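The values are calculated or read from the model by the stated rules, or taken from the named source; none is laboratory data. All figures in this text were calculated on a predicted structure; none of them were measured in a lab. Heads up, the Cβs are rebuilt from the backbone with ideal geometry, glycines too, and the neighbour counts pull from every protein chain shown. Quick note on the areas: whole protein, heavy atoms, side chains included, nothing else; ligands and nucleic acids left out. Shrake-Rupley method; radii C 1.70, N 1.55, O 1.52, S 1.80 Å.
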Amino acid sequence: MKKITFYAMTLFVALVGSSVFAQTAQQNLDYAVQSAENIQQDTPAAKTAAVQLAKQIVLLNAPNAQQFYDAMFVQVNSIQNNSDDVDYFASLARTASQNAFSTASINAITAELVNLNDILIGLTFQINDALAANDNTTALNLIPNVKSVLDQQYTTTTSLINEINSVATAIKTYNVCMKLVDHLGNPVTYNDLHGYYAYNDANVYFYPENYGDCYSNLAPGTYTFRAYNGYFSGASATTVTLSDSLVNANGVIEVTLVYWSE
């Protein structure tokens, strides 16, 4: 996340409250993604342990039951802890977000991961019991089921990451500031315009914070930015589709209007 830093104290005072909320929501969703990525980083090690157990049975006839058991419960704990973290950060994001959203789709996927955990635990105990009874054949036959569950946890986690990112995109907002230039592109330091306004494709109108030069928390979309003419002056209209590529180092999108004066 980019830290939103405004280039004038008056702008900072006007926007800081709303921008901090938006930033916190996005940051918490970033943390949720990181927690989900932890699962995908841990899962291959569990799958390797399952493959290793199969080799120990087939090639060595000396399976290390404790090694397998420990590896599976590292996975189980990773799923449980990181799923809890995803739900926690998603809840924080929902509370902080300026735009209301539901975490139900995220919670449903983390619940699915935990359900797969229950299956993995059951298989682990079955394999452990079979090995304790020297029934290597049964244990070997159950290992593909373990690998299948681990694969499902990995792919389900991919779905979880995609869902979190979809929510983050849906609630994303932008801060937009107006910049006036003359017909040569030089900055205009004085003007007698009567303010600014903007409207989107749905003809919903938006106005700057405190009648200033900057809009806070505009949703993604295409906007036309205009100025109210002064007594003997005005400015061109500019249509912009807000996107991350337009955000400058200060966390703001600058929209330029060409100023004219009689």
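Taken together, 237, 249 contain a single residue that is modelled with pLDDT under 95, over 30 Å from residue 43 (Cβ atoms) and open to solvent by 40 Å² or more (accessible area, probe 1.4 Å), which is 249. If you check 77, 82 for being at pLDDT 95 or above, closer than 29 Å to residue 106 by Cα, out of contact with any His (no Cβ under 8 Å at 6 or more places or on another chain) and open to solvent by 50 Å² or more (accessible area, probe 1.4 Å), only one passes: 77.
Considering segment 1-57, and only residues there that are modelled with pLDDT of 95 or more and of a type in the set (Lys, Arg), the residue that is surrounded by the fewest Cβ atoms within 10 Å (Cβ to Cβ) turns out to be 55.
Among the criteria (1) of a type in the set (A, V, I, L, M, F, W, C); (2) part of a helix (DSSP H, G or I); (3) under 28 Å from residue 166 (Cα atoms), the one residue 59 does not fulfil is (3). Is segment 96-106 home to any residue that is surrounded by fewer than 17 Cβ atoms within 10 Å (Cβ to Cβ), of a type in the set (S, T, N, Q), more than 21 Å from the chain's Cα centre (by Cα) and modelled with pLDDT of 95 or more? Scanning segment 96-106, I find no residue that is surrounded by fewer than 17 Cβ atoms within 10 Å (Cβ to Cβ), of a type in the set (S, T, N, Q), more than 21 Å from the chain's Cα centre (by Cα) and modelled with pLDDT of 95 or more, so the answer is no. Listed by position, the strands (runs of 3 or more DSSP E) enclosed by segment 108-225 that each have at least 1 residues that are touching a Cys at 6+ places or on another chain (Cβ under 8 Å) and crowded, with 17+ Cβ neighbours inside 10 Å are 174-181, 214-218.
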